[in-house]
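Worksheet: one structure, shown below.
A short reminder: the numbers here are calculations on the coordinates, not readings from a lab. Computed from a predicted model, the values in this text were never measured in an experiment. Positions of Cβ are generated from backbone atoms using ideal geometry, with glycine treated the same way; all protein chains shown enter the neighbour counts.
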Amino acid sequence: MAAKHCTRAYGLAVLTGIAHTAICVPDVDAAVRWYTEVLGLRLLSPPYLMEGDAIERDMSELVPSPVVLKAAIVGIGDDDRVLEIVEYPNVDTGAASRPAVTDPGITHVGLTCDDIEATRATLEQTGVTFLTSSIANVAGVRTTWLLDPFGVVFILIEKSQQQRPYWRQHR
């Protein structure tokens, strides 16, 4: 039997990776259309409704009962780094406000591209709202910031050295 890959953090629990980032939206179907048609992400798991005992046991301490969740998964490839798009149809979520990147918590989602000027121009033509007026060069990457129709902030990143992870560009 092959040994399992694992990483120890301070001698505590064993983590092996980051699976997904969930984005709560008021309409999963509309969000899936936007993420696939505008950003060009691939639909990996179409919208599906989850309700009943299993989801109730999983989330009843987080979401008012009865728990009903509609979700879809979009991404680039077939790995675990995906966006899980979720909607809680039985919960009044209120109007989304634009988050500040200085607020505690998750502040943005990073997406990579090969040509930031062309990608930004294409997205601008489709009406995407950009939060910065230009493209910056910082720490070995080129960046620009945008907002999805649901209030989620994204940073678009072009790496200078494609063979390296984005976080190792400055070396």
So, R0 is 30 Å and r is the distance between the beta-carbons of residue 21 and residue 90; what FRET efficiency does that work out to, to 0.05? 0.85
Just need log10 I(q)/I(0) for the range 17-92 at q = 0.17, 0.19, 0.25 Å⁻¹, Debye formula, equal scatterers on the alpha-carbon atoms, no solvent, rounded to two decimals. -0.65, -0.79, -1.13
Using 7 Å Cα-to-Cβ label points, what is the residue 58/residue 100 separation (nm, one decimal)? 3.4 nm
Only one of the listed values, (i) 74; (ii) 32; (iii) 37, was derived from the coordinates as percent of Cα pairs over 27 Å apart; which label is it? (iii)
Can you tell me the relative contact order of the chain? Whole percent, Cα pairs under 8 Å, sequence separation 6 or more. 18 percent
Are there trypsin sites (Lys or Arg not before Pro) in the range 56-89 that DSSP puts in a loop and that have at most 16 other Cβ atoms within 10 Å, and which ones? 81
Note to self, the chain gives a 222 nm [θ] from helices alone (DSSP H runs n ≥ 4, -39500 (n - 2.57) apiece, / all residues, nearest 500) of -4500 deg cm²/dmol
